[in-house]
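Written out below as structure tokens is the structure these notes cover.
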Amino acid sequence: MDVQAIQQGLATAVTNVTGIEQALPSLTDAINPPTFAVTEFEMTYNQTFKGSGIGMVETLFSCGIYTSHGNSEAGRVALVGFLAPSGSGSLKAAIETDRTLGGACATLLVERVRGAYRLYTISSIDYLGAILDVRVWSTS
Amino acid sequence: MTFTPQVLTDCRIYFASLDATGYGNKVELDPTVEDLDKTTFGSGGWHERTGGLFDSQVSATVFWQAGDLSQPDDVAWAQLGAGTAPLTVVPTSGAVGSLAYLTQTLETSYKIGADVGKLVSSDITWMGKQPLARGQVLHPQGTARSSSGSGTAIQLGAVSASQRLYANLHVLSVSGGTPSLTVKVQSNVDNTFGAPTDRITFTAATGLTSQPSNVLGAVTDTWWRVTWTISGSTPSFLFAVSAGIAPK
């Protein structure tokens with residue numbers, strides 16, 4: 001199981017989503033919105049018996065989507081487009097197109113959105129954004 | 001003796017030709033004996049009891065996957081009600097000599113499902129149709145065999161005239177051209193196996209399969225092992241063998 005490969009897979013999956021300027025496997029100090037970035041993860045081991053492998057591991061990735069400097073109507077409009085459950089601008093649809101992320105994981109589910117329209121501070125700059133929780137299962 | 005708690009992370013579950021280990025996250029063994037009341041007026045005001053018929057039930061929670069007879073759904077579906085498949089549960093690593101519980105079962109329940117957004121899982125229930133033996137692993141699942149050979153000697157003990165040695169063969173992976181695997185269980189007076197006696201010969205396996213078998217006591221030999229004869233074009237097998245002694 002390669003966590004960084006999963007992060008890269010998530011970023012790659014949304015690279016061609018309409019309107020995305022940056023798709024990053026991890027958050028950098030400076031961003032150029034609209035930016036998608038994997039921000040953190042929680043991992044739970046031992047979801048199955050281990051056997052000769054690793055057993056199934058469940059990882060919940062938090063992914064930020066940041067659409068504008070500060071609060072703006074344009075930012076809010078862009079944000080709801082990215083958070084739509086389907087369509088060419090949907091992050092969920094793009095990530096779930098290949099649920100293995102090119103073989104980096106066994107399967108995944110874009111589970112929910114948190115904190116939409118909230119301001120997130122990155123390097124002392126406030127960005128309008130939201131967090132997507134992506135649950136990923138790995139078996140090897 | 002110092003108590004060393006066992007965290008259940010590496011339990012092995014072999015059912016028919018399925019290694020459910022990497023799919024499963026819960027297993028329970030429930031051997032029972034019928035409680036027969038033999039209380040009389042002479043019992044002094046207390047119940048008296050004796051044991052009746054033994055029974056066993058094993059249940060497991062296994063994530064769903066289908067494909068071939070090495071996958072949970074294919075095996076559980078094929079075995080529902082079939083009543084012929086061996087089951088082996090090993091609480092630890094599955095290495096040779098690991099403690100194993102083994103029996104032959106009737107699969108009586110296969111419940112599949114999940115809430116939306118959750119992983120598809122299944123609950124499988126097996127009822128024992130022979131004694132649940134407490135024995136050991138004679139051959140580990142994780143060691144691929146591509147040529148004939150013999151396994152490690154294990155001292156399971158002698159088998160009395162009122163007992164049987166029960167053995168389960170699980171053939172979990174097969175490759176090569178016209179592969180064939182014949183497994184025997186042998187006994188010997190000591191661990192040198194200078195003059196072994198064949199006690200069980202499983203039917204030759206040419207694909208994913210399983211077989212329960214047994215031999216009736218008395219067997220005074222206390223040491224046991226498996227041998228395997230493999231033929232075919234670049235054959236390779238993964239198989240597990242467990243054995244234990246229990247009343248006949």
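Just a few scattered comments:
- Listed by position, the strands (runs of 3 or more DSSP E) inside the stretch B:197-248 whose residues that are in contact (Cβ under 8 Å) with a residue 40 or more places away in the chain number at least 2 are B:209-216, B:223-247.
- Among the residues making up the stretch A:106-134, a single one is of a type outside the set (Gly, Ala, Ser), closer than 16 Å to A:VAL57 by Cβ and out of contact with any Lys or Arg (no Cβ under 8 Å at 6 or more places or on another chain): A:VAL134.
- The stretch A:13-62: number of residues that are under 19 Å from A:ALA93 (Cβ atoms) and of a type outside the set (S, T, N, Q): 12
- No other residue among B:GLY52, B:GLY24, B:GLY83 is of a type outside the set (Val, Ile, Thr), at pLDDT below 95 and touching a strand residue (DSSP E or B) at 6+ places or on another chain (Cβ under 6 Å) apart from B:GLY83.
- Test: B:VAL120 is surrounded by fewer than 16 Cβ atoms within 10 Å (Cβ to Cβ), in contact (Cβ under 8 Å) with a residue 40 or more places away in the chain, within 14 Å of another protein chain (Cβ to nearest Cβ) and more than 16 Å from B:GLY135 (Cβ to Cβ): yes
- Subset of the stretch B:22-46 (residues that are of a type outside the set (Ser, Thr, Tyr), away from chain A (no Cβ under 14 Å) and in contact with a Ser or Thr (Cβ under 9 Å, 6 or more places away or on another chain)): B:LEU29, B:ASP30, B:PRO31, B:ASP35, B:LEU36, B:ASP37, B:LYS38, B:TRP46
- When A:GLU21, A:GLU73 are checked against the criterion of being under 17 Å from A:ARG118 (Cα atoms) and of a type in the set (Asp, Glu), A:GLU73 stands alone in meeting it.
- Condition broken by A:LEU119, with the remaining ones in (1) under 30 Å from B:VAL62 (Cα atoms); (2) of a type in the set (A, V, I, L, M, F, W, C); (3) assigned to a strand (DSSP E or B) satisfied: (1)
- Search result, residues across the stretch A:47-99 that are under 15 Å from the mean Cα position of the chain (by Cα), among the hydroxyl-bearing types (Ser, Thr, Tyr) and surrounded by 15 or more Cβ atoms within 10 Å (Cβ to Cβ): A:THR59, A:SER62, A:TYR66, A:THR67, A:SER90
- Members of the stretch A:26-47 that are within 14 Å of another protein chain (Cβ to nearest Cβ) and without any contact (Cβ under 8 Å) to a residue 40 or more places away in the chain: A:THR44, A:TYR45, A:ASN46
- Of all residues making up the stretch A:50-97, the number that are under 17 Å from A:LEU109 (Cα atoms), part of a strand (DSSP E or B) and among the aromatic types (Phe, Trp, Tyr): 1
- Contact annotation: no residue pair with Cβ atoms under 7 Å, 6 or more positions apart or on different chains, pairs a residue in the stretch A:126-140 that is within 18 Å of A:ALA93 (Cα to Cα) with a partner that is of a type in the set (Asp, Glu) and buried (at least 24 other Cβ atoms within 10 Å of the Cβ).
- Per-region count, the stretch B:6-21, residues in contact (Cβ under 8 Å) with a residue 24 or more places away in the chain, within 9 Å of chain A (Cβ to nearest Cβ) and not hydrophobic (A, V, I, L, M, F, W, C): 4
- Of the residues making up the stretch A:106-123, those that are of a type in the set (S, T, N, Q) and modelled with pLDDT of 95 or more number 2.
The values are calculated or read from the model by the stated rules, or taken from the named source; none is laboratory data. Just so it is clear, the structure is predicted and the values come from calculations on it, not from any experiment. Methodologically, a virtual Cβ is constructed for each residue, glycine included, from the backbone with ideal geometry; neighbour enumeration extends over all protein chains shown.
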